[in-house]
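Working notes, beginning with the structure itself.
All of the numbers you see were taken from the coordinates with simple rules; none came from a lab. Quick caveat, the model's predicted, so the values are computed rather than measured. Neighbour counts are summed over all protein chains in view; Cβ atoms, including those assigned to glycine, are modelled from backbone coordinates with ideal geometry.
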Amino acid sequence: METLGKIFNSNHRVKIMRLFLFNEELALDIDDVVKRTRIKKPDVRKELGMLIKIGFIKKKTFVKKVEKKSRKKNAKQEFKNIKVQGWVLNRTFELVRPLQLLLVESELINEKDIVKRVKKSGTIKLLILSGIFIRDNHRVVDILVVGNNLKRDILNREIAIIESEVGREIAYAFFDQKEFEYRMSMYDKLVRDILENDHKKLINKIVK
């Protein structure tokens with residue numbers, strides 16, 4: 001009970017735990033965790049310390065590709081490999097499976113929050129959840145968005161926020177209404193993959 005108490009008294013901790021549970025073989029350094037969870041570095045450092053203490057993650061040194069810094073303007077982008085200290089899920093931790101059931105295989109994010117975020121990008125005519133949101137890893141797309149006057153930068157930003165809550169990258173596709181209707185008429189493979197398999201329509205103003 002003491003371990004459970006330490007685990008569930010922080011929303012930041014839950015986000016970080018879900019990140020490691022979804023990427024159980026992937027080593028991450030502190031910059032990776034900050035970027036993926038959108039949590040401030042001091043808070044990430046604090047939560048990682050607690051997760052190491054209870055045995056949920058363990059330290060691991062790994063090689064990471066980083067961009068070389070250049071003083072020249074318009075210099076060609078180059079990368080180098082460096083050794084960094086990071087962490088990886090401790091798969092022998094006694095609560096890994098129960099935590100996967102609770103944090104990964106349960107509802108990943110409130111569907112109303114997804115609707116609210118996606119609506120910021122334009123007039124939404126169709127919003128479908130597939131893939132990870134229905135526990136089907138064989139689907140090509142996790143979220144399909146169809147609308148008018150969609151603002152790609154805003155949609156990208158809001159999807160990134162959803163990814164930080166879920167704990168993994170999300171495959172998504174978006175079309176304006178005319179393009180989607182054309183794809184429907186041509187029996188487009190991607191559209192068929194979504195509509196002909198299990199999915200959830202959160203907004204539907206065009207598909208019968």
At most 16 other Cβ atoms within 10 Å plus a DSSP loop assignment makes a site exposed; report the longest stretch of the chain without any exposed GluC sites (Glu not before Pro).
108-168
Please compute the Cα-Cα pair-distance distribution of the chain with 5 Å bins starting at 0, giving whole percents from short to long.
1, 6, 13, 16, 15, 13, 12, 11, 8, 4, 1, 0
Let a ≥ b ≥ c be the square roots of the eigenvalues of the Cα gyration tensor of region 56-125; is it rounded (a/c under 1.5), or, if not, prolate (a/b larger than b/c) or oblate?
oblate
Gain on full stretching of the segment that runs from Asn148 to Lys76 - 0.36 nm per residue minus C-alpha separation
22.2 nm
Suppose R0 equals 30 Å; then what is the FRET efficiency for Met184 and Leu102 from their Cβ-Cβ distance, rounded to the nearest 0.05?
0.20
Springs between alpha-carbon atoms under 10 Å, Gaussian network over the chain: tell me which of Arg18, Arg36, Arg97 tops the mean-square fluctuations.
Arg97
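With respect to the cross-link table entries Lys76/Lys116; Lys53/Lys83; Lys59/Lys80; Lys80/Lys120, which display a Cα-Cα separation exceeding 30 Å?
Listed pairs above 30 Å: Lys76/Lys116; Lys80/Lys120.
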Projected onto the charge dipole of the chain (+1 at Lys/Arg Cβ, -1 at Asp/Glu Cβ, origin at the Cα centre), which of Gln77, Leu102, Thr61 gives the Cα projection farthest towards the positive end?
Gln77
Let's test the formula: R0 of 22 Å, r as the Cβ-Cβ distance of Asn204 and Arg38. What FRET efficiency results, to the nearest 0.05?
0.15
Span-like helices, the chain: DSSP H, alpha-carbon axial extent 18 Å or more, mean Kyte-Doolittle 0.0 or greater, which ones?
152-166
Value of Rg to Rh for region 131-203 (Rh from inverse mean 1/r over Cα pairs, i.e. Kirkwood)
0.96
At a Förster distance of 30 Å, what's the computed FRET efficiency of Lys46 paired with Lys69, Cβ-Cβ distance as r, to 0.05?
0.55
Kirkwood hydrodynamic radius of region 112-164 from all distinct Cα pairs, in Å?
11.4 Å
Semi-axes of the equivalent ellipsoid for region 2-103, Cα gyration tensor, largest first, Å
30, 14, 11
